[in-house]
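Below is one structure, written out as structure tokens; comments come after it.
The values are calculated or read from the model by the stated rules, or taken from the named source; none is laboratory data. Predicted model, so just to flag it, every value in this text is computed and none were measured. All Cβ positions, even for glycine, are placed from backbone atoms using ideal geometry, and neighbour counts span all protein chains on display.
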Amino acid sequence: MSSEKFKLAVLVSGRGSNLQAIIDSIEKNNLAAEISLVLSNVKDAYALERGKKHGLEVVFLDPKVFPGKADYEQQMIDLLQSKSVDLVCLAGFMRILGEKFIEAFSGKIINIHPSLLPAFPGLNVQKKALEHGAKFSGCTVHFVNEEVDGGPIIKQAVVPIHDEDSIDSLSERILEQEHIIYPEAIRLIIEDKIKVSGRRVLQKA
Ligand code: GRF
């Protein structure tokens with residue numbers, strides 16, 4: 001039976017709290033999916049421990065042992081295709097994906113980003129939102145295309161910025177919302193509830 005389940009790969013580089021949120025949603029039967037692979041480009045990523053604790057297949061793929069980015073990504077493609085992965089979920093994966101990888105999983109790669117895109121793409125965005133004086137930030141789940149943090153937006157959550165916020169306090173409140181909207185966005189895809197129309201992600205009738 002499990003072979004009929006929707007197959008996720010979760011790509012990580014660090015702490016893995018979003019991976020954990022996905023695992024928890026599956027274990028609570030809120031997501032009809034299985035995680036076929038947790039892949040990290042960082043050897044000691046805590047996300048790998050989380051995966052192991054839940055009996056998942058985890059792989060550390062060391063970028064240093066490959067001659068270049070293209071070879072590394074080909075290895076990722078081969079690995080994910082060998083698992084017949086239906087959806088690639090980036091969850092704190094700190095590498096920019098190349099054209100070939102994006103084409104290999106066209107329309108099947110999503111990412112979670114800790115700002116309300118298109119505001120504050122890139123890195124350290126909670127700090128940027130705070131320093132900019134924004135009154136609201138939040139998080140975004142989006143499809144991945146060749147533009148960094150630029151693909152069609154699937155879901156967002158708004159988080160108010162308080163006068164007394166630090167980078168840590170804001171990041172923490174944004175993260176709470178990430179853990180809610182990431183599994184929800186995955187669910188919309190699994191249940192075939194959305195379609196992409198240009199830049200827009202719309203509910204199917
Ligand atoms: C999250 O803030 C996510 O939005 C960003 O990287 C962070 C990953 O955190 N892309 P975690 O590893 O899931 O805890």
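When ALA47, ALA33 are checked against the criterion of being surrounded by 13 or more Cβ atoms within 10 Å (Cβ to Cβ), among the small types (Gly, Ala, Ser) and under 21 Å from HIS113 (Cα atoms), a single residue qualifies: ALA47. Inspection of the stretch 89-103 identifies at least one residue that is within 11 Å of the ligand (Cβ to nearest atom), closer than 26 Å to ILE153 by Cβ, in contact with a Ser or Thr (Cβ under 8 Å, 6 or more places away or on another chain) and small (Gly, Ala, Ser).
Inside the stretch 150-172, residues that are under 30 Å from LYS193 (Cα atoms) and either crowded, with 17+ Cβ neighbours inside 10 Å or of a type in the set (A, V, I, L, M) (or both) make up a count of 10. State whether one or more residues within the stretch 51-59 are assigned to a helix (DSSP H, G or I) and surrounded by fewer than 18 Cβ atoms within 10 Å (Cβ to Cβ). For the stretch 51-59, residues assigned to a helix (DSSP H, G or I) and surrounded by fewer than 18 Cβ atoms within 10 Å (Cβ to Cβ): present.
Residues in the stretch 106-136 that are surrounded by 20 or more Cβ atoms within 10 Å (Cβ to Cβ) and not aliphatic (A, V, I, L, M) were compared, and the one that is nearest to LYS7 (Cα to Cα) is ASN111. Look at SER13 and say whether it is in contact (Cβ under 8 Å) with a residue 40 or more places away in the chain, surrounded by 14 or more Cβ atoms within 10 Å (Cβ to Cβ), of a type in the set (Gly, Ala, Ser) and more than 14 Å from TYR182 (Cβ to Cβ). Yes; evaluated as a whole, the condition is true for this residue.
Checking each residue in the stretch 39-60 for being farther than 16 Å from SER17 by Cα and in contact with a strand residue (DSSP E or B) (Cβ under 6 Å, 6 or more places away or on another chain) picks out LYS43, GLU57, VAL59, PHE60.
Of all residues in the stretch 183-205, none that is touching a residue at least 60 places away in the same chain (Cβ under 8 Å) and of a type in the set (Phe, Trp, Tyr) has its Cβ atom under 8 Å from the Cβ atom of a residue that is surrounded by 10 or more Cβ atoms within 10 Å (Cβ to Cβ) and not in a loop (DSSP other than H, G, I, E, B), 6 or more apart or on another chain.
Residue pairs, Cβ under 8 Å, 6 or more apart or interchain, first in the stretch 167-180 and under 14 Å from GLN20 (Cα atoms) and within 11 Å of the ligand (Cβ to nearest atom), second of a type in the set (Ser, Thr, Tyr) and part of a helix (DSSP H, G or I). List them. Cβ pairs passing all conditions: LEU175/SER17; GLU178/SER17; HIS179/SER17. Among the residues making up the stretch 7-43, those that are away from the ligand (no atom under 13 Å from the Cβ) and either assigned to a loop (DSSP other than H, G, I, E, B) or modelled with pLDDT under 95 (or both) are LYS28, ASN29, ASN30, LEU31, ALA32, LYS43.
For the stretch 124-136, check the following and say yes or no: at least one residue is within 16 Å of the ligand (Cβ to nearest atom) and under 22 Å from LEU8 (Cα atoms). No, that holds for no residue. The set of residues in the stretch 109-132 being among the small types (Gly, Ala, Ser) and under 16 Å from the mean Cα position of the chain (by Cα) consists of SER115, GLY122.
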